[in-house]
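Below: one structure, written as structure tokens.
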Amino acid sequence: MHIFLTGQIQVGKSTLLRRVLAACPLLSLGGFRTVTAADVPGAVGSVYIFPAAGPDVPGDDCRVALRLGPPRGVEAYPAVFEHRGVELLEGAENADLICMDEIGFLEASAPAFSGRIMALLDGDTPVFGVVRASRDTPLLRFVRTHPKVRLIEVTEENREQLFAEVSALLRQALSLR
């Protein structure tokens with residue numbers, strides 16, 4: 001079983017994911033995390049892709065997007081997904097758990113990265129991640145409708161009580177492996 005949190009922007013999905021993972025410090029993690037940093041003047045911030053269990057070392061080689069803000073939108077760098085993203089997913093199935101925080105629309109032009117995500121979801125290593133609720137791409141549809149995926153909607157009203165539920169589901173997924 002794979003567990004994906006979904007919900008509105010800034011509702012606390014990634015925060016919940018981090019809290020649950022922090023409660024399981026002995027797990028070996030594969031996969032990735034995305035982090036936004038306000039590091040470019042005139043922009044909302046850069047979006048970086050980092051190892052799930054590794055350090056946050058920002059650089060152009062791991063910047064997957066630049067959030068320019070309204071009305072300019074987002075400038076995506078699919079080549080970074082195709083290189084660094086695929087690299088972060090290589091061998092991820094050998095970990096106890098694969099982290100995918102977050103899958104959104106930026107990966108739409110990254111077929112190798114998207115393909116690797118799809119292959120891992122077809123596998124048996126549990127995946128714990130965040131999937132964007134809004135937008136519709138083939139990858140997002142694949143994740144949301146995959147028979148091994150359990151989608152959990154995070155809202156402002158339920159996000160605090162979800163910690164226990166998601167933790168229990170994650171323990172169950174790990175025990176099935």
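The values are calculated or read from the model by the stated rules, or taken from the named source; none is laboratory data. Source: prediction; values computed, not measured. For neighbour counting, all protein chains shown are included, and Cβ atoms are generated from backbone atoms with ideal geometry for every residue, glycine included.
Numerical summary
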| quantity | calculated |
| --- | --- |
| For L5: the one exception among (1) under 24 Å from R141 (Cβ atoms); (2) touching a Phe, Trp or Tyr at 6+ places or on another chain (Cβ under 7 Å) | (2) |
| Residue match in region 41-58 (condition: under 24 Å from H2 (Cα atoms) and assigned to a helix (DSSP H, G or I)) | no |
| Complete set of residues in region 78-101 that are under 21 Å from D60 (Cα atoms) and crowded, with 20+ Cβ neighbours inside 10 Å | V80, F81, R84, G85, L88, L89, M100, D101 |
| Tabulated pairs, region 51-66, first within 11 Å of V35 (Cα to Cα), second in a loop (DSSP other than H, G, I, E, B) and aromatic (F, W, Y), C-beta under 8 angstrom, 6+ apart or interchain | R63/Y77; V64/Y77; A65/Y77 |
| Top-ranked residue of region 115-163 - restricted to ones that are loosely packed, with under 15 Cβ neighbours inside 10 Å, at pLDDT 95 or above and among the small types (G, A, S), ranked as farthest from L88 (Cα to Cα) | G123 |
| Region 27-45 residues that are free of Cβ contacts under 8 Å to residues at least 40 places away in the same chain, paired with ones that are among the small types (G, A, S) and exposed (fewer than 15 other Cβ atoms within 10 Å of the Cβ) (beta carbon under 6 Å, 6 or more apart) | V44/G69; G45/A37; G45/A38 |
| Every residue from region 5-31 that is within 18 Å of A53 (Cα to Cα) and assigned to a strand (DSSP E or B) | L29, G30, G31 |
| One residue from A37, A53, A43 being in contact with a Pro (Cβ under 7 Å, 6 or more places away or on another chain) and either at pLDDT below 95 or surrounded by fewer than 16 Cβ atoms within 10 Å (Cβ to Cβ) (or both) | A37 |
| Output for region 13-29, where each listed residue is surrounded by 19 or more Cβ atoms within 10 Å (Cβ to Cβ) and small (G, A, S) | S14 |
| Pairs, first free of Cβ contacts under 8 Å to residues at least 40 places away in the same chain in region 132-148, second hydroxyl-bearing (S, T, Y), C-beta under 7 Å, six or more apart | L139/S114 |
